[in-house]
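For reference, the structure is listed below as structure tokens.
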Amino acid sequence: MARSDFRFHVTKRVRYAEIDAQAVVFNSRYLEYFDVGITEYWRAAGVYERWPGHTSPEFHVARAEVDYKLPILLDEEIDICVRCSRVGRSSMTFLFELHGAGKDDLRATGLEVSVHVAEARGAPAPVPDDFLALFETFEGRALRG
């Protein structure tokens, strides 16, 4: 993949609390960055307008992966790039890339699979069609399959 494959990104500055003793971003923080990215991606796609007040469909992360490429340093601005790559019957797969702000210098890649559930502690349930339609419109392509 190339950065150009991502239609969406959000920029974030690295804070002191996110680094380790070597002044680089601590490994667990990458998953937090992905969470920031997916939250803003959902906002940009219109999820929070369509389902105000946290009433959107419920998803749980079932799988998360991070591949570290180059370190991210204290006070650096990074772009968190996000795209929905696939929607299955009850799951959505999201891909991530982290780059220096405005640069094409890959720092990390990631993947998350989120499963739709009918209720907070419920079993997997089909991804609602109207929810899927928001992401297909935002990505400009079909995602189911």
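For this structure, a couple of remarks:
- Length gained when the stretch Arg86-Glu49 is fully extended (0.36 nm per residue, less Cα-Cα span): 11.1 nm
- Dipole magnitude (debye, nearest 20) for the chain, charges at Cβ of Lys, Arg, Asp, Glu: 240 debye
- Across Ser28, Ser114, Ser91, mean-square fluctuation computed from a Gaussian network of the chain (C-alpha pairs under 10 Å connected) peaks at Ser28.
- Stretch gain in nm, segment Phe26-Ser4, where the contour uses 0.36 nm per residue and the Cα spacing is subtracted: 5.3 nm
- Under 5 Å, built H, 5+ apart or other chain: amide partners of Ala125: His116, Val117, Ala118
- Scanning residues 5 or more positions from Ile72 or on other chains, those with amide H under 5 Å from its amide H are Val25, with H placed 1.01 Å from N in the peptide plane.
- Phi-based couplings in Hz for the range 136-145 (Karplus 6.51, -1.76, 1.60; Gly and Pro marked x): 5, 5, 5, 7, x, 6, 6, 10, 5, x
- 3J(HN,Hα) along the range 101-111: 4, x, 10, 10, 10, 3, 9, 6, 10, x, 9 Hz, from the Karplus curve 6.51 cos²θ - 1.76 cosθ + 1.60 with θ = phi - 60°, whole Hz, x for Gly and Pro.
- Normalised convex hull volume, the range 1-84, alpha-carbon set, Å³ per residue: 122 Å³
- Computed from phi, the 3J(HN,Hα) profile of the range 68-85 under the Karplus parametrisation 6.51, -1.76, 1.60 (θ = phi - 60°) reads 8, 10, 9, x, 10, 10, 3, 6, 7, 8, 10, 9, 9, 9, 9, 8, 8, 9 Hz, with x in place of Gly and Pro.
Each value in this text was obtained by applying a stated rule to the coordinates, not by laboratory testing. This one's a predicted model, so the numbers in the text were calculated from it and none came from an experiment. Quick reminder, even Gly has a Cβ in these numbers, built from the backbone with ideal geometry, and neighbours come from all protein chains shown.
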